[in-house]
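Engineer: Next up is a structure, given as structure tokens.
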Amino acid sequence: MAKAVKLADIAKKVGVSTVTVSKALSGQKGVSEEMREKIKALADEMGYRPPSAARRAISRARSYNIGVLIEEEYLDKYESFYWKIYQQVSICALNCECFAMMEMVSSRMEEQLEVPKVIREQKVHGIIVIGRMPGRYLKLLKENKSVPVVYIDFTDDDPATDAVVSDSYYGAYHLVNYLIEQGHTRIAYVGTLLATSSITDRYFGYAKALLEHGIPLREDWQLDDRHVSSGSIQEELMLIPEEMPTAFFCNCDLTAGKLIQKLHRDGYRVPEDISVVGFDNYIYPGICDVGITTYEVDQAEMASKAVKILVKRMENETDSHRTHMVEGRIVVKESVRSR
């Protein structure tokens with residue numbers, strides 16, 4: 001039996017990405033007409049066929065369109081953490097013979113409560129929201145949605161929602177225990193509580209580890225790193241305490257990188273004088289020249305779970321809604337020194 005032609009086979013022949021091939025064959029924008037015709041002609045020539053109904057029944061995946069919503073502020077000039085997750089979602093969608101299309105949600109859309117185009121024009125069969133949006137905007141999405149929705153990297157207080165999150169609580173717990181194993185008992189936390197659910201969960205994991213070792217929590221060692229309203233990380237909010245800890249646990253690597261910059265300017269060396277750990281194993285280039293010991297978030301697994309959950313919802317499965325936790329791992333680099 002001849003081997004079935006895949007999108008990747010066509011992409012290799014043409015010399016473009018699999019995403020470009022999927023867009024061309026599904027009629028999406030972002031591909032020139034000349035390239036679209038070339039890809040279609042080659043697909044016919046190679047004998048490419050969409051999966052049969054029987055195969056779809058086995059894999060439980062049909063050719064659905066998946067809308068991906070990301071707040072514009074999350075997509076920085078560098079490839080952002082959420083952009084990486086979107087890329088993983090696109091790959092997972094293709095593996096399920098689905099197509100992912102992203103729409104950025106601007107601050108203007110949020111302020112004016114404007115429904116995203118992919119929902120308004122009914123272009124998609126399901127929605128994935130990457131990163132928390134304002135509560136009233138999430139409420140708008142729920143009121144206007146006619147398709148299932150899955151959240152990535154956050155949850156809300158509605159039990160009738162599906163979400164996929166990293167294990168912030170136990171990830172922080174294990175990372176702080178690692179610091180304690182290295183001899184640190186004077187550990188500060190850097191992250192604005194309640195700014196996001198993950199920052200708050202990571203604080204509780206930090207607190208659990210300290211309390212289990214009989215180490216009291218100190219209010220002066222809980223540092224803000226961002227405004228709750230904008231979510232933008234601001235170095236000036238990280239007020240270095242008068243009595244210094246020996247280590248800082250930061251809620252994300254970007255905060256850790258900015259803190260290290262600030263410590264260096266204040267005359268402290270990392271890790272010779274102060275140890276610093278982060279979370280995510282993701283940082284923009286040029287922020288920090290010290291390798292940050294961190295807890296790595298499994299972006300690929302988070303994306304895969306979200307797509308599979310959404311496909312089941314689009315197949316009208318009636319499993320109960322719940323939050324799915326994805327474990328990561330500690331990655332030891334240069335920013336911690338034993339005491």
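Engineer: Does segment 263-270 contain any residue that is at pLDDT below 95 and surrounded by 17 or more Cβ atoms within 10 Å (Cβ to Cβ)?
Structural biologist: no
Engineer: Which members of segment 225-251 meet the condition of being more than 24 Å from the chain's Cα centre (by Cα) and among the β-branched types (V, I, T)?
Structural biologist: Answer for segment 225-251, where residues must be more than 24 Å from the chain's Cα centre (by Cα) and among the β-branched types (V, I, T): I240, T246.
Engineer: Right, here's the next one. Scan segment 91-103 for residues that are touching a helix residue (DSSP H, G or I) at 6+ places or on another chain (Cβ under 7 Å), within 19 Å of Q299 (Cβ to Cβ) and among the aliphatic types (A, V, I, L, M) and jot them down.
Structural biologist: A93, L94, A100, M102
Engineer: Also, quick follow-up: Residues in segment 183-223 that are part of a loop (DSSP other than H, G, I, E, B) and buried (at least 16 other Cβ atoms within 10 Å of the Cβ): how many?
Structural biologist: 6
Engineer: Counting only residues that are over 23 Å from A93 (Cα atoms) and exposed (fewer than 12 other Cβ atoms within 10 Å of the Cβ), which one in segment 136-150 is farthest from the chain's Cα centre (by Cα)?
Structural biologist: E143
Yes/no per residue for (1) surrounded by 21 or more Cβ atoms within 10 Å (Cβ to Cβ); (2) β-branched (V, I, T); (3) assigned by TED's automatic domain parsing to the domain that holds L211; (4) more than 29 Å from E296 (Cα to Cα):
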| position | (1), (2), (3), (4) |
| --- | --- |
| W83 | no, no, no, no |
| V89 | yes, yes, no, no |
| L113 | no, no, no, yes |
| Q122 | no, no, no, yes |
| P134 | no, no, no, no |
| I152 | yes, yes, no, no |
| L175 | yes, no, yes, no |
| Y178 | no, no, yes, no |
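The values are calculated or read from the model by the stated rules, or taken from the named source; none is laboratory data. Treat the numbers as computed from the prediction; the structure is a model and nothing was measured. Cβ: placed from backbone, ideal geometry, glycine included. Neighbour counts: every protein chain shown.
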